[in-house]
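The values are calculated or read from the model by the stated rules, or taken from the named source; none is laboratory data. All values reported here derive from a predicted model rather than from experimental measurement. Here Cβ is always computed from backbone atoms with ideal geometry, including for glycine, and neighbour counts include all displayed protein chains.
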Amino acid sequence: MSDSILQSKVPGGGIADKWDNYKADMKLVNPNNKRKFKVIVVGSGLAGASAAATMAELGYDVEVFTFHDSPRRAHSIAAQGGINAAKNYRGDGDSVHRLFYDTIKGGDFRSREGNVHRLAQVSLNIIDQMVAQGVPFAREYGGLLDTRSFGGSQLQRTFYARGQTGQQLLLGAYQQLARQIGLGTVKLWNRVELVDTVTVDGRCAGIVTRDLVTGEVRSHAAHATVLCTGGYGNAFFLSTNAMNCNVTAAWRAHRKGAYFANPCYTQIHPTCIPQADDTQSKLTLMSESLRNDGRVWVPLNAGDERPAAQIPEAERDYYLERLYPSFGNLAPRDISSRAAKRAVDSGRGVGPLKNGVNLDFADAIGRLGADVVKERYGNLFEMYERITGENPYAEPMRIYPASHYTMGGLWVDYELMTTIPGLYAAGEANFSDHGANRLGASALMQGLADGYFVLPYTIGNYLAPMLGKAIPGVDHPEFQAAEQAVRQRYQGFLDVRGTRSPDYFHRQLGQIIWDYCGMERTEQGLE
Ligand SMILES: Cc1cc2nc3c(=O)[nH]c(=O)nc-3n(C[C@H](O)[C@H](O)[C@H](O)COP(=O)(O)OP(=O)(O)OC[C@H]3O[C@@H](n4cnc5c(N)ncnc54)[C@H](O)[C@@H]3O)c2cc1C
């Protein structure tokens with residue numbers, strides 16, 4: 001690997017000045033020239049919708065692609081718990097520096113500091129932006145926006161809208177996108193899948209797509225292309241991601257030469273509903289916010305078959321509170337997940353398959369009353385009851401870790417550009433800000449930071465020198481060759497005439513990856 005390709009382009013100056021320095025020095029495209037540049041955005045989740053809407057508002061000619069029927073189907077809609085920002089409305093000691101430090105430390109000191117500091121800085125703008133767009137964040141009695149705790153922080157900096165934060169944020173970003181579609185500044189291609197990226201003379205020249213309804217394969221040329229196509233958590237087959245999150249876009253870009261960074265970094269989320277049987281194809285997340293009030297425990301002794309209510313306090317092991325007293329039940333996700341695995345592996349798991357640990361709200365209901373607990377988590381409790389048939393107000397939830405988020409992704413520099421000039425990656429699709437472990441409530445922050453406040457600046461720095469220069473059209477031989485290869489690939493799939501579905505192979509592969517590259521990896525297993 002040549003060092004010369006991996007230039008992070010982090011600007012000089014002190015950590016707190018880098019972003020301002022960058023913005024002061026970057027090249028500009030004047031408003032009348034912006035419409036001369038076409039930008040393709042693939043993905044319409046929080047990163048894609050916010051990037052596309054903002055660049056269109058600035059004047060760029062934008063085209064958005066999603067394989068969903070509506071941009072609102074992007075997986076961002078599923079995010080439950082909240083979004084971090086260093087607003088310090090609580091007066092509990094938060095600051096840009098603390099959010100920066102917590103994120104760096106939470107990621108095991110493996111993230112790029114310049115990017116993370118910028119993330120913490122623009123977190124302040126994100127909340128203002130979303131409130132201005134009408135996102136109904138929870139408010140406390142005095143009228144200020146309410147916040148709650150998330151793992152890995154001793155502050156309450158997580159803004160939320162009940163257990164539907166992603167949904168409300170995406171509706172906000174989608175509104176802005178829809179406005180631009182209405183104004184004619186964004187063209188939306190729905191049910192259209194990116195099936196290849198095209199590079200001409202070392203620059204990304206555009207993409208090849210396949211219409212999911214008609215099967216039509218077609219090329220699209222642009223000055224710059226942005227992939228906001230989500231993560232690869234579904235590599236494990238069972239995950240909290242929707243089945244549609246298929247990482248094909250990042251994979252195609254990688255096959256075309258974009259470097260992929262840290263694919264071994266997957267976040268295993270500690271609070272998911274345990275698997276019920278072998279035919280299951282998806283796991284359900286129970287938001288981390290539940291650990292604000294729920295207490296995690298298992299029976300002290302292995303093989304204890306009694307229902308939770310019959311196990312006296314002295315015979316319970318509140319292992320997170322015991323092992324990590326300063327964070328207690330809000331220990332970071334990786335630590336909590338490994339601790340749950342150890343508890344289950346020691347024979348103290350709960351539930352019919354003994355594959356879970358308790359998340360118990362009895363104390364919170366006694367202290368706050370069932371009404372307050374319902375107000376905070378009502379929709380999550382309802383979801384749990386619908387899936388398991390168990391009433392979490394009356395007995396503890398059962399939870400177990402599952403693949404949830406991917407910190408690895410396409411390598412990007414400070415400008416969010418991949419190793420292919422003109423090809424950018426934003427949101428979960430890139431590797432940039434979370435190091436080895438993402439803290440809760442920081443993915444929504446990163447997706448919106450990238451889309452609203454980073455890319456709209458950095459992309460201009462790339463486009464400005466291209467003013468007046470022709471770009472390759474879709475009749476260029478590279479586009480034609482890519483289209484041809486795509487058609488052959490799909491014909492190859494159809495010609496197999498196999499008897500097993502893609503899911504069959506995906507499930508087998510997922511099981512291998514979970515067993516050997518999941519929460520625990522050994523030299524022997526990896527070999
Ligand atoms: C259940 C759940 C709960 C979560 N809760 C939280 C939370 O409370 N707080 C938090 O910070 N984070 C949370 N996360 C993580 C967070 O939701 C995601 O990381 C984030 O929303 C990803 O946004 P994105 O815009 O990068 O990608 P996505 O929202 O996944 O959007 C990807 C887009 O790319 C499109 N796409 C993908 N491939 C192609 C292709 N080949 N061709 C065309 N289109 C394509 C899709 O159609 C979609 O529009 C949660 C995640 C899950 C799974």
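Below, the figures for the structure above:
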{"quantity": "Residue within the stretch 335-342 that is touching a strand residue (DSSP E or B) at 6+ places or on another chain (Cβ under 9 Å), of a type in the set (Val, Ile, Thr), buried (at least 16 other Cβ atoms within 10 Å of the Cβ) and more than 17 Å from residue 398 (Cβ to Cβ) present", "calculated": "yes"}
{"quantity": "Qualifying residues in the stretch 490-527 (those that are exposed (fewer than 13 other Cβ atoms within 10 Å of the Cβ) and of a type in the set (Lys, Arg)) - the one farthest from residue 248 (Cα to Cα)", "calculated": "521"}
{"quantity": "Qualifying residue in the stretch 242-255 (condition: of a type in the set (Gly, Ala, Ser), assigned to a loop (DSSP other than H, G, I, E, B) and more than 10 Å from the ligand (Cβ to nearest atom))", "calculated": "no"}
{"quantity": "Residue count for the stretch 105-116, restricted to those that are of a type in the set (A, V, I, L, M, F, W, C), surrounded by fewer than 20 Cβ atoms within 10 Å (Cβ to Cβ) and part of a helix (DSSP H, G or I)", "calculated": "0"}
{"quantity": "Number of positions in the stretch 322-345 that are within 14 Å of residue 403 (Cα to Cα) and aromatic (Phe, Trp, Tyr)", "calculated": "0"}
{"quantity": "Residue check for residue 40: modelled with pLDDT of 95 or more, surrounded by fewer than 19 Cβ atoms within 10 Å (Cβ to Cβ) and either within 16 Å of the ligand (Cβ to nearest atom) or hydrophobic (A, V, I, L, M, F, W, C) (or both)", "calculated": "no"}
{"quantity": "Residue match in the stretch 89-100 (condition: within 12 Å of the ligand (Cβ to nearest atom), in contact with a Leu (Cβ under 9 Å, 6 or more places away or on another chain) and either within 17 Å of residue 150 (Cβ to Cβ) or not in a helix (DSSP H, G or I) (or both))", "calculated": "no"}
{"quantity": "Close pairs (6 angstrom Cβ cut-off, 6 or more residues apart or separate chains): more than 16 Å from residue 282 (Cβ to Cβ) and assigned by TED's automatic domain parsing to the domain that holds residue 218 in the stretch 488-513, surrounded by 10 or more Cβ atoms within 10 Å (Cβ to Cβ) and modelled with pLDDT of 95 or more anywhere", "calculated": "none"}
{"quantity": "Exclusive hit being under 29 Å from residue 253 (Cβ atoms) and either outside the structural domain of residue 63 (by TED's automatic domain parsing) or in a helix (DSSP H, G or I) (or both), set 198, 122, 131", "calculated": "122"}
{"quantity": "Some residue of the stretch 440-457 being surrounded by 15 or more Cβ atoms within 10 Å (Cβ to Cβ), under 21 Å from residue 221 (Cβ atoms) and away from the ligand (no atom under 16 Å from the Cβ)", "calculated": "no"}
{"quantity": "Residues satisfying the stated conditions in the stretch 249-276, i.e. within 14 Å of residue 356 (Cβ to Cβ) and of a type outside the set (A, V, I, L, M)", "calculated": "269, 270, 271, 272, 274, 275"}
{"quantity": "Residues located in the stretch 55-71, provided they are surrounded by fewer than 24 Cβ atoms within 10 Å (Cβ to Cβ) and more than 9 Å from the ligand (Cβ to nearest atom)", "calculated": "57, 58, 59, 61, 63, 69, 70"}
{"quantity": "Evaluation of residue 375 against (1) modelled with pLDDT of 95 or more; (2) away from the ligand (no atom under 16 Å from the Cβ) (one fails), failing number", "calculated": "(1)"}
{"quantity": "Filtered residues of the stretch 199-214 (kept if touching a residue at least 40 places away in the same chain (Cβ under 8 Å) and either within 14 Å of the ligand (Cβ to nearest atom) or farther than 26 Å from residue 458 by Cβ (or both))", "calculated": "206, 207, 208, 209, 210, 212"}
{"quantity": "Residue match in the stretch 222-230 (condition: in a loop (DSSP other than H, G, I, E, B), surrounded by fewer than 23 Cβ atoms within 10 Å (Cβ to Cβ), small (Gly, Ala, Ser) and within 14 Å of the ligand (Cβ to nearest atom))", "calculated": "no"}
{"quantity": "Of the criteria (1) more than 21 Å from residue 54 (Cα to Cα); (2) surrounded by fewer than 21 Cβ atoms within 10 Å (Cβ to Cβ), which one residue 377 fails", "calculated": "(2)"}
{"quantity": "Among residues of the stretch 136-187, those that are hydrophobic (A, V, I, L, M, F, W, C), in a strand (DSSP E or B) and away from the ligand (no atom under 11 Å from the Cβ), counted", "calculated": "2"}
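A quick yes/no check of all residues on (1) crowded, with 24+ Cβ neighbours inside 10 Å; (2) in contact (Cβ under 8 Å) with a residue 12 or more places away in the chain; (3) farther than 23 Å from residue 453 by Cα:
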| site | (1), (2), (3) |
| --- | --- |
| 74 | yes, yes, no |
| 79 | yes, yes, no |
| 82 | yes, yes, no |
| 140 | no, no, yes |
| 153 | yes, yes, yes |
